[in-house]
Amino acid sequence: MEEEDVGEDMTVLIVGLLEEVRPVTDYTSSMVQWMRHRQPRYKGGGRMEMERPSPSYIVDMLPPSAKPQNAADSVPAKLLHSSLNKVKHPINVVKWTPEGRRLLTGSSIGEFTLWNGMGFNFETISQAHDSAVRAAAWSHSEDWLISSEQHGVVKYWQPTFNNVKVVQAHGFNDAVRDLAFSPNDSKFVTASDDKTLKIFDFAGGTEESVLTGHSWDAKTVDWHPSKGLLVSGSKDHDVKLWDPRTGRCLTTLHGHKNTISKTKFEPNRGQLLATAAQDQIARIFDLRLMRDICLLRGNQDKIATLAWHPIHSSLLSTGGADGSICHFLLDEPNTPPGTASSTSLPPYDCADPASAPAQTIFPAHTIRYAHDFAVWSIDWHPLGHILASGSNDRATRFWTRPRPGETDCFSDKYHLGDAAAETQGAWDRRGGRKVMREDEEQELEDEADGLQDQKMPVKQPMLPGIPGLSMPTNGTSDGPPARRYPNISNIPPPPPNLPNGLAGMDPEQFKAMLASGSLPPPPPQFGGSLPPPPPNFDMSKLPPGLLPPGFQPPPGMPLPPSPGGFAGLPGIDADGSGPGAGGVRRRGPLPSQEQSLMEEQRRGKYRIAR
């Protein structure tokens, strides 16, 4: 019986621990396995076993770098975690740090929040800007971060997020919508609502040139990863290519019928350009042909942002205004059943690529209900195994590829919606709310643990009515005199009109000055204690609490009464003394905000308003 009880207890303990385990994505084993067994491509690649749809092959999962030709294996279809701040605001920018250990998010009130890249828990938060964060970009050397805000300001940040420079790039009412570094990090370019692009010298923060040509707000800009070439998109529906040396517009790419929301060069080869607009279509341009070769359809609302995969040049992800995220494979049309597409061939396979129609490509995978509102920003992890998204629903979510043999993620509420998932039994509305509440409470605890309270210095006893002036000490001290004034090391000298050389003055002259009244009489000495009160002065009529602690009145003089209704504190006697108090009443330390919050959470009294 005892062995059975022990086995049941261990089972309950293991189940409880599994329920409390947070989602963690540790890519160390996959990277180490690939680096250990990889071989050069001319030797046939690696010796690792191919993955199959079975849970037993989870240990054989490989990072995207091990399979550069298999972009379909890196499509992120599974939700890992949803992160929420204690004070929730729309997330305008998500950006991974260059080493991939943390995710930086910028909110609509100018806050920077750092989330852990493996456990997805809160790490720290700071007030980075005075208005909404609009864009952020890391330098190619990974040593600097620049960010922009609604009021036209660009700030420089070190990897430790120390702000070292502030540049007023555009007018106060002209938001900087996008920015990008040059290939050698010596310059950066900004796009603003004042219809202009500006190129700045990074070291000096000075404006070098202004590119004009758009007839409406410039919404996006990008610098080619290896060449002197700029691309910009505007509210006037045009995509323009620029020469940053001369500031001349090289060409204008037409085709979109609404505001251009994002333009992005392909980061690996730099031969393709992706543009997204609010006409629900994204276009892929070939810079060698200077024309569009692919039309990405399938978004049911405006496209707000897009991002290239850092490893696979044929994988592109878009975020829509309806909260959906679509993943496109440029080498797979993925035409839906029943859809007639006359442009299923790429222009490269046609006899005349320059005049052939663009190929229509549909999403390889769509997360229709990824967010409740518009997806403003998406960014890939540097290793390519996690996609982060920030939305107007104030949530930051992390997505990754399903593990081998895992199919439950395709029938969750993010793919089917709340109503359909509840109908199929894949999601419980009440249980989902409970889980959401528990996740938010866990985020609150993480934020309480991550933030450090500011420890105030210990307050010294002060004279009543004179803030900042310490109590006089009885007797003398061999050490240096205590400071009587805050932030002042020495006592200020007396006014110059008072004689300070009394030791060398003639006694007769000093007596004459006292008799004539030109010199005030010196104060009487009381042996280091306070002077006695005036005659016929009743100290019992003073208001309670006026005299300093430990004051000893002259013999025969009554003390003022103690404050009425005071019943005393635990551990302190009626005479103000207690164990170890030394005859002086002392106040115990008050609990910090972190301790109070955690105590309320343990009691179950703290609940988030719904």
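The length gained by stretching the chain between residue 185 and residue 441 to full extension, at 0.36 nm per residue less their Cα-Cα distance, is 88.0 nm.
Full extension of the chain segment joining residue 508 with residue 35 gains 160.5 nm, where the gain is 0.36 nm per residue of separation less the Cα-Cα distance. All other residues whose Cβ lies under 15 angstrom from that of residue 407 are scored, Lys and Arg at +1 and Asp and Glu at -1, for a net of 0.
Working from Cα pairs under 8 Å separated by at least six residues, relative contact order for the stretch 107-211 is 17 percent.
3J(HN,Hα) along the stretch 177-188, derived from phi through the Karplus expression 6.51 cos²θ - 1.76 cosθ + 1.60 where θ = phi - 60°, amounts to 7, 7, 7, 7, 8, 6, x, 9, 6, 7, 9, 9 Hz, with x in place of Gly and Pro.
Within the stretch 116-189, the GluC sites (Glu not before Pro) that combine a DSSP coil assignment with at most 14 other C-beta atoms in a 10 angstrom radius are 142.
With a threshold of 28 Å on the Cα-Cα distance, the over-threshold entries among 165/235; 227/302; 86/219; 86/302; 78/302; 67/198 are 165/235; 227/302; 86/219; 86/302; 67/198. Between residue 290 and residue 424, the modelled labels are 4.9 nm apart [label points 7 Å from Cα along Cα→Cβ].
Distances between placed amide hydrogens fall under 5 Å for residue 391 paired with 91, 376, all partners being 5 or more residues away or on another chain.
The stretch 351-394: which chymotrypsin sites (Phe, Trp or Tyr not before Pro) are DSSP loop and have at most 15 other beta-carbon atoms within 10 angstrom?
In loop regions of the stretch 351-394 (DSSP not H, G, I, E or B), the sparsely surrounded chymotrypsin sites (Phe, Trp or Tyr not before Pro) are 373.
Projecting the Cα atoms of 316, 275, 226 onto the dipole axis of the stretch 217-320, where Lys and Arg carry +1 and Asp and Glu carry -1 at the beta carbon, places 226 farthest toward the positive end. Computed from label points 7 Å out along Cα-Cβ, the spacing between residue 595 and residue 368 is 5.3 nm. Between residue 345 and residue 172, the simple spin-label model (points 7 angstrom out along Cα→Cβ) gives 6.1 nm.
For the pair residue 26 and residue 269, the difference between a 0.36 nm per residue extended length and the Cα-Cα distance amounts to 84.6 nm.
The chymotrypsin sites (Phe, Trp or Tyr not before Pro) of the stretch 148-231 that DSSP puts in a loop, and whose beta carbon has at most 11 other beta carbons within 10 Å, are 172.
Give me, ordered by chain and number, the residues 5 or more places off residue 253 or on other chains with an amide H under 5 Å from its own placed amide H. Excluding prolines and chain starts, which carry no amide H, the hits are 239, 240, 241.
Readers should treat all values here as calculations from the given coordinates under stated rules, not as data from a laboratory. Here the structure is a predicted model, which is why all the values come from computation and not from measurement. Here Cβ is always computed from backbone atoms with ideal geometry, including for glycine, and neighbour counts include all displayed protein chains.
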